[in-house]
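Worksheet: one structure, shown below.
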There are 2 protein chains.
Amino acid sequence: MLATETVENYLKAIYLLQRDAAADEASMGKIAAALGVTAGTATSMVKKLVAARLARHERFGGVRLTTKGTRAALDILRRHRLVETFLVDTLGLDWSVVHDEAERLEHAISPMVLDALDRHLGRPAFDPHGDPIPRADGALQESEAMPMSELGSGDAARLVRVLDQRGDSLRFLRASGLKVGATLRVVAIEPGAGVMRIRPDGGSIVSMSTTAAARVLVRPTRSRH
Amino acid sequence: MLATETVENYLKAIYLLQRDAAADEASMGKIAAALGVTAGTATSMVKKLVAARLARHERFGGVRLTTKGTRAALDILRRHRLVETFLVDTLGLDWSVVHDEAERLEHAISPMVLDALDRHLGRPAFDPHGDPIPRADGALQESEAMPMSELGSGDAARLVRVLDQRGDSLRFLRASGLKVGATLRVVAIEPGAGVMRIRPDGGSIVSMSTTAAARVLVRPTRSRH
DNA sequence: CGCATAAGTTTGACGACTCAAACTCTAGGT
DNA sequence: ACCTAGAGTTTGAGTCGTCAAACTTATGCG
Ligand SMILES: [Mn+2]
Ligand SMILES: [Mn+2]
Ligand SMILES: [Mn+2]
Ligand SMILES: [Mn+2]
């Protein structure tokens, strides 16, 4: 609304980088990379965010959103994830393509349309990738979950979230029957090869590297084997 | 896609102005007014359209879309009207608010989302205002209809299209039970006062000026009175 | 006919966003 | 402690879309 589309993109990128960073701040280089822009462009844009009291930054230091900037970022994230949910649940698009679509649509959704969409979808708490959808008031409940790589052989679990959202990762998981909500069991672990063998309920066994498995979050289920 | 959001807006505006103009061309002043921009801005923008072979224009003359420009305009119109249909049919928004929402969303809809939307809506031929939705190939079938003002006293008809799409007109019509698809009967005509009295099926009698009625299109039904 | 007025055009400027390239700072390794 | 490679910043310039204001053209009224 008030912020330009570009500013919205910067806010969302900084929010996500900050969330994943150890020091709880986003580096200028990563901001630039996330937005596909040169470092100089990012620097001058951040200067604008600071002037608008959306972020804090000192020369050669990291970037951190203010409360106001965080609120704005959560609003954009809410739009993004609700749109993704709509594209998958209502229109039936594949979860590997919806991110790019939402990246554009998120900027064109008014509060009225957003609320109608939210109601239509049944006020979902999670998007198709298992990412939590910020509520209208900015509340964000992360789901309790552990990396699939930490499961032991024979453990059963439910897939709750996918962190690696590159298209080919998502297509591999879908093709394997590994979607959010699916239950699965660890068939075997080969620590030497760095590979786990997983059997999704009702599917056939698939092999994944433990690094790939670490980016799939699960919740262990009552194991009755 | 290729055209910028601004260019898309110009193309759509010129298409609609051209369609409604006697000389089948859009004047620079009306283009500027339609886009809320100064005449100088419109002039320079049209120059760009001409350079892109999307329009033709000679100094101090009217503006006319080329075949290429018309095709592009119809594509945008298709996105606009499908989005409006979605907002009303799927999300339940009022027909008086969807135009402004669609005005922004139309630029963020990819071919893939557009087709999924079209399928989800059952490939509708008309939008909530009765305006025809251009097909993917650019075909556009106008519906056979006459102005309600030309009905005689006692005539029955079905409302098929609303030309005046200002918010208060649309809200008046909806509040009166006059929506697309509704059947109605002319109760009385007062030529002196310039007023018609209409009874929508299952509603109560409303008065409308004949000029307002002229902007409501109907198809007469088997009159069995 | 002639000209005042409306319509359209041109010009110069600006804000938003971007890049390339020159520059400056920081931090880690010797 | 120093130096340097990498990270960050600044500068100058360009594109896009816009406005205000000066200017030009067409035309219809007297
Ligand atoms: Mn975006
Ligand atoms: Mn997502
Ligand atoms: Mn538009
Ligand atoms: Mn419409």
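A few points about this structure:
- Pairing residues of the range B:34-46 that are within 16 Å of ligand 4 (Cβ to nearest atom) with residues that are assigned to a helix (DSSP H, G or I), at Cβ distances under 8 Å and at least 6 apart in sequence or on separate chains, gives B:Ala34/B:Ala13; B:Ala34/B:Leu16; B:Ala34/B:Leu17.
- Output for the range A:79-119, where each listed residue is surrounded by fewer than 17 Cβ atoms within 10 Å (Cβ to Cβ) and either polar (S, T, N, Q) or within 16 Å of ligand 3 (Cβ to nearest atom) (or both): A:Arg104, A:Ser110
- Residue check for A:Leu87: facing chain B (nearest Cβ under 10 Å) and either away from ligand 2 (no atom under 14 Å from the Cβ) or of a type in the set (Lys, Arg) (or both): no
- Tallying residues that are without any contact (Cβ under 8 Å) to a residue 24 or more places away in the chain and over 19 Å from B:Gly203 (Cβ atoms) within the range B:151-178 yields 1.
- Qualifying positions in the range A:66-75 - surrounded by fewer than 24 Cβ atoms within 10 Å (Cβ to Cβ) and either within 16 Å of ligand 4 (Cβ to nearest atom) or not charged (D, E, K, R) (or both): A:Thr66, A:Thr67, A:Thr70, A:Leu74
- Per-region count, the range B:103-127, residues within 16 Å of ligand 1 (Cβ to nearest atom) and assigned to a helix (DSSP H, G or I): 3
- Checking B:Pro124, B:Pro128 one by one, the residue that is touching a Ser or Thr at 6+ places or on another chain (Cβ under 7 Å), surrounded by 14 or more Cβ atoms within 10 Å (Cβ to Cβ) and under 23 Å from A:Gly92 (Cα atoms) is B:Pro124 and no other.
- Residue ID - farthest from ligand 2 (Cβ to nearest atom), chosen from residues in the range B:2-59 that are open to solvent by 40 Å² or more (accessible area, probe 1.4 Å) and of a type in the set (Ser, Thr, Tyr): B:Ser27
- Breaking point among (1) assigned by TED's automatic domain parsing to the domain that holds B:Thr90; (2) crowded, with 18+ Cβ neighbours inside 10 Å, for B:Leu217: (1)
- Meets criteria (within 14 Å of chain B (Cβ to nearest Cβ) and either at pLDDT 95 or above or within 16 Å of ligand 3 (Cβ to nearest atom) (or both)) for A:Leu54: no
- Residue count, the range B:196-211 (criterion: among the hydrophobic types (A, V, I, L, M, F, W, C) and open to solvent by 40 Å² or more (accessible area, probe 1.4 Å)): 1
The values are calculated or read from the model by the stated rules, or taken from the named source; none is laboratory data. Quick caveat: nothing in here was measured; it's all calculated off a predicted structure. A quick note on method: Cβ atoms are made from the backbone with ideal geometry, for glycine too, and the neighbour counts reach across all protein chains shown. The accessibility values were calculated without ligands, DNA or RNA, using every heavy atom of the protein model including side chains. Shrake-Rupley method; radii C 1.70, N 1.55, O 1.52, S 1.80 Å.
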